[in-house]
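Visitor: The structure is given below, and queries will be raised subsequently.
The values are calculated or read from the model by the stated rules, or taken from the named source; none is laboratory data. Note that the structure is predicted; figures quoted are calculated from it, not measured. Every residue, glycine as well, gets a Cβ built from its backbone with ideal geometry; the counts of neighbours run over all protein chains shown. When the accessible area is computed, the model is the full protein with side chains, heavy atoms only, and any ligands, DNA or RNA have been set aside. Shrake-Rupley method; radii C 1.70, N 1.55, O 1.52, S 1.80 Å.
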Amino acid sequence: MFLGFLWLVFALLVFRVDATSVHGIAILTGIVCVAGAGLEFLTAAAASGWWRALRIVLGLAFLVIGGLAFAHPGNTFKALAAIFAFYLLFAGVFNIVFSLFDRMRELWWAQVIVGVVEVLLAFWAAGNFGHKAFLLIVWVGASALAAGITQIVFGFQLRSEGKQAAAD
């Protein structure tokens, strides 16, 4: 639930950003990619075999992308807008499929709603509706909001299952 709260705070901060702060979003992307590279390298230390190699390659890719984000913030923003549409599509489809296969949970329908919203945002993001900078900020904020809600729902589900397991 705490992670969900952090996503909600991030969504609030994103929605407060000025639509002209393309440079700031690109720099934030670089910071996130470099941090992701660090996490992949840490995880690679605990992995073995092909997983270790995959983690190292992914960490190197994150480092390169982070460096490019710092070097070319304008291009980073355009690429981020295109990539974000695919992220929303895959995340939405995953949420829909996973929740439909896991209908034993009480709040499975909430994840379906989040998935549908993500898919709709993906198609909106893929279109050229003008004002791309403003729309990207809205997409990032909306997906952070969806991630926060999803994490909070999962937290309540885990809490409920933990209480039920303790009662058995």
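Visitor: Suppose every Lys and Arg Cβ carries +1 and every Asp and Glu Cβ carries -1, with no other charges. What dipole size does the chain come out with about its Cα centre, to the nearest 20 debye?
Guide: 180
Visitor: Could you give the accessible area per residue of the chain, probe 1.4 Å, as a whole number in Å²?
Guide: Roughly 63 Å² per residue, with all protein chains present.
Visitor: With a 1.4 Å probe and all protein chains left in place, how much of the accessible area of the stretch 1-152 comes from carbon and sulfur atoms, in whole percent?
Guide: 79
Visitor: Right, another one. Apply the Karplus curve 6.51 cos²θ - 1.76 cosθ + 1.60, θ = phi - 60°, to the phi angles in the stretch 52-61 and return the couplings in whole Hz, x for Gly and Pro.
Guide: 4, 4, 5, 5, 5, 4, 5, x, 5, 4
Visitor: Take the Cα atoms of the chain, build their convex hull, and give its volume per residue in Å³.
Guide: 135
Visitor: Run the numbers for ARG159 and LEU12: contour at 0.36 nm per residue of separation, minus the present Cα-Cα distance, in nm.
Guide: 50.3 nm
Visitor: Work from the charge dipole of the chain (Cβ charges, +1 for Lys and Arg, -1 for Asp and Glu, about the Cα centre) and give the residue of GLY155, GLY49, VAL117 farthest towards its positive end.
Guide: Comparing the listed Cα positions along the dipole, GLY49 ranks first.
Visitor: Using θ = phi - 60° and the Karplus form 6.51 cos²θ - 1.76 cosθ + 1.60, what ³J(HN,Hα) does each residue of the stretch 42-48 get, whole Hz, x for Gly and Pro?
Guide: Per residue, the Karplus-derived 3J(HN,Hα) values read 5, 5, 4, 5, 8, 8, 9 Hz.
Visitor: For the stretch 96-112, just list the computed ³J(HN,Hα) in residue order, Karplus coefficients 6.51, -1.76 and 1.60, θ = phi - 60°, integers in Hz, with x standing in for Gly and Pro.
Guide: 5, 4, 4, 5, 6, 7, 10, 7, 6, 6, 4, 9, 4, 5, 5, 5, 5
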